[in-house]
Amino acid sequence: MKFKTRNRILMASLVFSAASSAYAADWSDTSLGMRTGKSFSEPFNTNDIQKNIFDLNHVSGYKYGTNFFNVDFLLSNNKDPAGAGSSNGAQEVYVVYRHTLDLEKVTGQSFKYGVVRGLGITAGFDFNTKTDAGYNSKKRMYVAGPTVMLDVPGFLNIGLLALWESNAPYNTFSKVSTPRYSYDVHPMLTAAWGIPLGTSGWSVEGFANFIAAKGKNEFGAKTAVETNIDMQVMVDLSSVVGAKPKTVKVGLEYQYWKNKFGNDSSGPAGPGAIANTPMIRAEYHF
């Protein structure tokens, strides 16, 4: 009951923050993107999987902080089947929202010190839904914790967030549906960056998540510590197509994910719980 009450309070505050900031945004950037790679991995699957991923991304700033919202639409080939015996690939939608309240803007007190530009409080959520053969994830996760904003060109934010995560999978082989299960509350050390390389039009972007084990999973097995690093080098090609600067960007992306979703790669989940995935990426910014 306490978990549900906490979730309702957190969700209410997030909705209020999002509504307030949308009403008075000082700046914003919205983009559509596409990335593709041939060596994605999934736990309990030994195949290299090809995925095409389409995304809608939005970031904005308002009087008291910033908002980040991203939706990924992930389309797998048949190496990650949509169901038992299916020749179609799995489909997934993954949503991330983060709101960071800038403490300097709220209190009027400066928190600048050395390389620190400011301090904030971040809250948000992840959720996904996926159609696949073995798990059919229905993840819900709420996050909250402090964030340090470093003084670099562009941005580099580092946060320590508490995670409240649950899932309710369904296995199409056994036709067993698992009731929604809540993992132990666990911490995540996270970083996100977008750093331009001078005036060259090149930039280094990405995120890194270091996630503690979340206790036992819904099947009684111990979970493992996760490392998820996703980074890209992008170049602004807007002038090539006659668009205004920062409209069209392309680049190369790489993801390393060990113990994906908390599955121990040294256990039954096998090598599919470790991803080493190069990708090609393109974005169009409005």
Item to complete: Only residues of the range 228-257 count here: report those whose backbone N is under 15 Å from the spot 7 Å along Cα→Cβ of MET34, or say none.
Response: 248-251
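Send over the Kirkwood Rh of the chain, from the inverse of the averaged 1/r over different Cα pairs, rounded to one decimal Å.
20.2 Å
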Item to complete: Give, in nm to one decimal, the length gained when the segment between LYS244 and LEU160 is fully stretched (0.36 nm per residue of separation minus the Cα-Cα distance).
Response: 26.6 nm
Worksheet item: From the cross-link list LYS138/LYS260; LYS112/LYS246; LYS38/LYS175, which pairs have alpha carbons spaced over 26 Å apart?
Response: LYS112/LYS246; LYS38/LYS175
Practice prompt. Between PHE286 and LEU197, with labels modelled 7 Å along Cα→Cβ, what's the label distance in nm to one decimal, could you check?
Written response: 3.0 nm
Practice prompt. Please give the calculated 222 nm ellipticity per residue for the chain, where each DSSP H segment of at least 4 residues contributes -39500 (n - 2.57) and the sum is spread over every residue; nearest 500 deg cm²/dmol?
Written response: -3000 deg cm²/dmol
Worksheet, complete the sentence: Filtering trypsin sites (Lys or Arg not before Pro) in the range 110-210 by DSSP loop and by at most 14 other Cβ atoms within 10 Å leaves LYS112, LYS175, ARG180
Worksheet item: Going by alpha carbons, how many degrees (0 to 90, nearest 10) lie between the helix axis of 2-23 and the longest principal axis of the chain?
Response: 40 degrees
Worksheet entry | Carbon and sulfur %, accessible surface of the chain computed with the full protein complex present, 1.4 Å | 64 percent
Worksheet item: Could you give the accessible area per residue of the range 188-273, probe 1.4 Å, as a whole number in Å²?
Response: 51 Å²
Practice prompt. Identify the residues of the range 96-111 with backbone N under 18 Å of a label point that sits 7 angstrom from the Cα of ALA24 along the Cα-to-Cβ direction, or state none.
Written response: 99-109
Worksheet item: Once the piece of chain linking ASN88 and MET231 is laid out straight, how much longer is it, given 0.36 nm per residue of separation minus the C-alpha distance between them?
Response: 48.6 nm
Item to complete: Please work out the Cα convex hull volume for the range 46-117 and give it in Å³ per residue.
Response: 131 Å³
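The values are calculated or read from the model by the stated rules, or taken from the named source; none is laboratory data. This structure is a prediction, so every number in the text was calculated from the model and none was measured. Quick reminder, even Gly has a Cβ in these numbers, built from the backbone with ideal geometry, and neighbours come from all protein chains shown. The area values use the complete protein model at the heavy-atom level, side chains included, leaving out ligands, DNA and RNA. Shrake-Rupley method; radii C 1.70, N 1.55, O 1.52, S 1.80 Å.
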